[in-house]
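Any read-out appearing in this document is the output of simple, stated calculations on the displayed coordinates, not a laboratory observation. Predicted model, so just to flag it, every value in this text is computed and none were measured. Note: ideal-geometry Cβ built from the backbone for every residue, glycine included; neighbour counts use all protein chains shown.
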Amino acid sequence: MQQLWQQVLDPLVDSLRYATLASYAWEKPRLLLLIAVIPLLFVGRLLLVYRRRSKLGVAFVEGQTRRDWTALLRFVPDVVLALSMAFAILALARPQRTDERVVQTGEGIDVLLVLDVSGSMELGDLRPNRLEAAKRVAMEFVDGRQGDRLGLVVFAGDAYSLAPLTTDYELLRESIAGLKLGMIPNDGTAIGTALGVATNRLRHSRSRSRVCILLSDGENTAGSLDPLTAARLAHAYGLKIYTIGLGQDGTVPFGRDAQGRTRYVETRLDETTMRQIAAAGEGQFFRATDNAALRQIFQRINRYEKSEIKQTRFRNTKDYYRIYLFWSIGLWLLWLALKNTFLTNALED
């Protein structure tokens with residue numbers, strides 16, 4: 001018997017807790033504002049009664065009247081009625097909890113970022129320098145993907161796979177954020193070797209679309225694999241290659257000298273080879289001479305290479321108004337019972 005009572009009382013007590021009320025999503029939340037009107041109703045009632053009440057002048061001798069706490073009991077019916085009205089408003093506002101489940105169908109694509117970290121990426125024609133500009137836009141590109149596997153290959157005189165194909169975008173962001181100049185001791189620009197590493201990463205992929213995005217600011221000066229040969233090999237394995245040439249040709253700023261004056265160096269991008277690589281990989285070549293152009297290029301690639309991911313949402317909404325309606329009816333019945341007791345002033349009611 002005790003266990004049965006506990007099963008009945010526990011939900012009732014739990015429904016009164018603030019944490020429970022705060023956890024609901026209310027279908028009609030504006031109705032909750034009516035709770036603040038309830039005290040005004042009783043104040044208005046008292047004012048009307050006071051104005052209509054007949055007054056009889058009676059003189060009491062000072063010290064003969066005394067206050068008794070039992071006089072406060074006459075307010076109990078009003079308090080019970082006010083609570084009944086408040087619970088009725090809670091029920092009308094329809095407290096709910098929604099359990100939402102999202103099911104993804106479709107297949108993402110595999111995208112490998114191949115990023116140049118050679119010494120020339122320190123040049124300042126892109127702000128604050130070429131490498132930091134490329135990192136910032138690569139981060140934005142990662143943030144814009146959903147359901148795709150992304151990976152990262154870095155290169156200078158040698159090439160290394162820094163992050164495997166993964167949907168752990170936080171890991172990829174950390175890998176991109178950790179890129180720095182001089183992280184590969186052997187300086188140079190081994191574009192062919194970088195494409196070879198990328199091909200090795202993607203050739204076992206079963207994705208319907210495999211994309212390689214190559215960012216570099218120079219010409220191939222290191223490595224034993226010819227860039228164009230590497231691009232053709234990549235295409236044979238089904239890789240699509242986009243190439244992005246970073247920076248301007250000619251004289252560009254490169255740090256400061258001992259006196260704090262800006263230094264300038266001559267630089268040139270092998271645009272012909274970059275175009276040939278993109279053509280061999282059935283992709284496209286882009287030239288980014290400033291930060292805005294680089295961002296626009298990534299936005300265009302993002303539009304070109306979209307995965308077909310469909311989301312199906314299942315919503316299961318459960319109402320909890322019944323328990324507050326139970327409270328309201330129970331307190332209203334209690335109020336009716338109290339009106340027939342000594343607690344009620346029959347002359348006022």
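Overview of values
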read-out	value
Within straight-line cross-link reach of Lys306, lysines at Cα separation under 24 Å, skipping those fewer than 8 residues along the same chain	Lys135, Lys240
Difference of contour (0.36 nm per residue) and Cα-Cα distance, Phe326 to Arg303	2.8 nm
37 °C / 0.692 mPa s Stokes-Einstein diffusion coefficient of the stretch 108-307, Kirkwood radius on C-alpha pairs, µm²/s	198
Cα coordinate range in the stretch 192-243, projected on the principal axes (Å, largest first)	33, 19, 15
J(HN,Hα) series, the stretch 206-220, from Karplus relation 6.51 cos²θ - 1.76 cosθ + 1.60, nearest Hz, glycine and proline x	9, 5, 5, 9, 10, 10, 10, 10, 9, 10, 8, 10, x, 10, 5
Loop-located trypsin sites (Lys or Arg not before Pro) in the stretch 148-190, at most 16 other Cβ atoms within 10 Å (DSSP)	Lys180
Antiparallel content of DSSP bridges confined to the stretch 108-307, in %, to 5	30
Where labels lie 7 Å past Cα in the beta-carbon direction, separation of Asp168 and Ser224 in nm	3.3
